[in-house]
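The values are calculated or read from the model by the stated rules, or taken from the named source; none is laboratory data. It should be emphasised that the depicted structure is a prediction, and the values quoted were computed from it without experimental measurement. Please note: Cβ atoms are built from the backbone with ideal geometry, for glycine as well, and neighbour counts cover all protein chains shown.
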Amino acid sequence: MSQQAERFRDPRNALSTLRTRLVMAGVFVGAIIALSLSVAFSWNVGPEGGAGGGAPKLSPAAAEAFQSPPGTCLTWNNLDATDARRVPCTESHLFEVTSIVDIGAQYPPGAPSPSLEQWQEISRSQCTIDVKPYLGRTLDPYGKLSMNLLRPTPAQWADGDRQLRCGLQWAGQGGKLQPTKGPAKEQNQSAVWEPGTCLALLNNSFGDPIDCAQPHSYEMIATIDLKTKFKDGYPSQEQQNTWLDTECSTAAQEYSGNADLAAKKLILSWDVREQESWDAGSTLVNCKVAAVLPENKGLAPVTGSIKVGNGAGQPSDGGQATPPASSSAPKTGG
């Protein structure tokens, strides 16, 4: 395979579009603000809240979750988080409290609640201060974990509550929170997915995990640790590309049973790591396959998995007849 690895650029700039779309979610009652993607997740409003009801009221479990100390992990199943609860961090969870911040001095009783943009600035200025001491290492700016903010509900704010819970989360490219296991300080921050994971197609780019039987963008075929090759320090992206060209080609043959990717209009690609990620301990990368639209205008839909024994993935529409050389690709971990 060619060792010339050109980075696949998404001309649609899906992340910018995603951020704009998700900022609109801020009009809903929300207790969790996702700083990195500008998401506002709704919280429990109880039987007395909601459309046509009175002031939002937290359930006992949600109220307890809001009062959680640093080191507490929270999870929920409902999209509106009405069943939020504390769980051991060794179990699957969506949020880990890292610090408590009081903004009463800046917002005394009677002060209006901050806007979404102001909440984000508060999170940037207050939550990032304590994350390195909490983790015991630097937060990877390109990794799977990002800062979040658990804020008072409108009813709590009206009662004078000004305490905020800063925390860590894993938000997928499509905006959905992804479960993690283990305390954040023990997790590998590398933005990778398990082999066999397929990511949704979002505006000709990629989104959150989806069943591979559905039209999708990428299929992850392997996870590789750069440190198995580069033991003495950070490798340049050119060095990463050269090595991963061979490693991912081998992984693709093993995963697909020596399938001819070009005949299936698929390309082989992989992640590369930035210096900041390497310094934070993020040395894992994904090898993956995808299809591209003509003139490299984005990703084309692929239906089915290429894993040996699972049938062959084929672009359902728009895949190029002659794929470009294998390439490093946009990070797909979050």
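Things worth noting here:
- Of the set (1) surrounded by fewer than 17 Cβ atoms within 10 Å (Cβ to Cβ); (2) out of contact with any helix residue (DSSP H, G or I) (no Cβ under 8 Å at 6 or more places or on another chain); (3) more than 30 Å from Glu64 (Cα to Cα), all apply to Pro195 but (2).
- The residues on offer are Ala312, Ala290, Ala329, and the sole one that is in contact with a His (Cβ under 9 Å, 6 or more places away or on another chain) and either of a type outside the set (D, E, K, R) or at pLDDT 60 or above (or both) is Ala290.
- Of all residues in the stretch 203-221 being surrounded by 20 or more Cβ atoms within 10 Å (Cβ to Cβ) and aliphatic (A, V, I, L, M), the one that is farthest from Thr246 (Cα to Cα): Met220
- Scanning the stretch 255-286 for residues that are in a loop (DSSP other than H, G, I, E, B), of a type in the set (S, T, N, Q) and within 18 Å of Lys132 (Cβ to Cβ) yields one hit, Ser282.
- In the stretch 149-160, the residues that are of a type in the set (Lys, Arg) reach residues that are outside any loop (DSSP other than H, G, I, E, B) with C-beta atoms within less than 6 angstrom, at least six apart or across chains, in these pairs: Arg151/Ala31; Arg151/Leu164.
For every residue, the table says whether it meets (1) surrounded by 16 or more Cβ atoms within 10 Å (Cβ to Cβ); (2) touching a residue at least 60 places away in the same chain (Cβ under 8 Å); (3) touching a His at 6+ places or on another chain (Cβ under 7 Å); (4) over 20 Å from Pro195 (Cα atoms).
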position: Trp243; (1), (2), (3), (4): yes, no, no, no
position: Asp260; (1), (2), (3), (4): no, no, no, no
position: Ala263; (1), (2), (3), (4): no, no, no, yes
position: Gln275; (1), (2), (3), (4): no, no, no, yes
position: Lys297; (1), (2), (3), (4): no, yes, no, yes
position: Gly304; (1), (2), (3), (4): yes, yes, no, no
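- Check on Gly143, surrounded by 13 or more Cβ atoms within 10 Å (Cβ to Cβ), modelled with pLDDT of 85 or more, small (Gly, Ala, Ser) and under 30 Å from Glu276 (Cα atoms): yes
- Qualifying residue in the stretch 177-184 (condition: part of a helix (DSSP H, G or I), more than 20 Å from Ala62 (Cα to Cα) and either modelled with pLDDT of 95 or more or of a type outside the set (Asp, Glu) (or both)): yes
- Of the listed requirements (1) of a type outside the set (Gly, Ala, Ser); (2) in contact (Cβ under 8 Å) with a residue 12 or more places away in the chain; (3) outside any strand (DSSP E or B); (4) farther than 20 Å from Leu266 by Cβ, Gln214 misses just one: (4).
- Restricting the stretch 284-295 to residues that are buried (at least 19 other Cβ atoms within 10 Å of the Cβ) and of a type outside the set (A, V, I, L, M, F, W, C) leaves a set whose member that is nearest to Lys144 (Cα to Cα) is Asn286.
- Residue satisfying all of: in the stretch 192-228; among the acidic types (Asp, Glu) and farther than 13 Å from Gly174 by Cβ; nearest to the chain's Cα centre (by Cα) among these: Glu194
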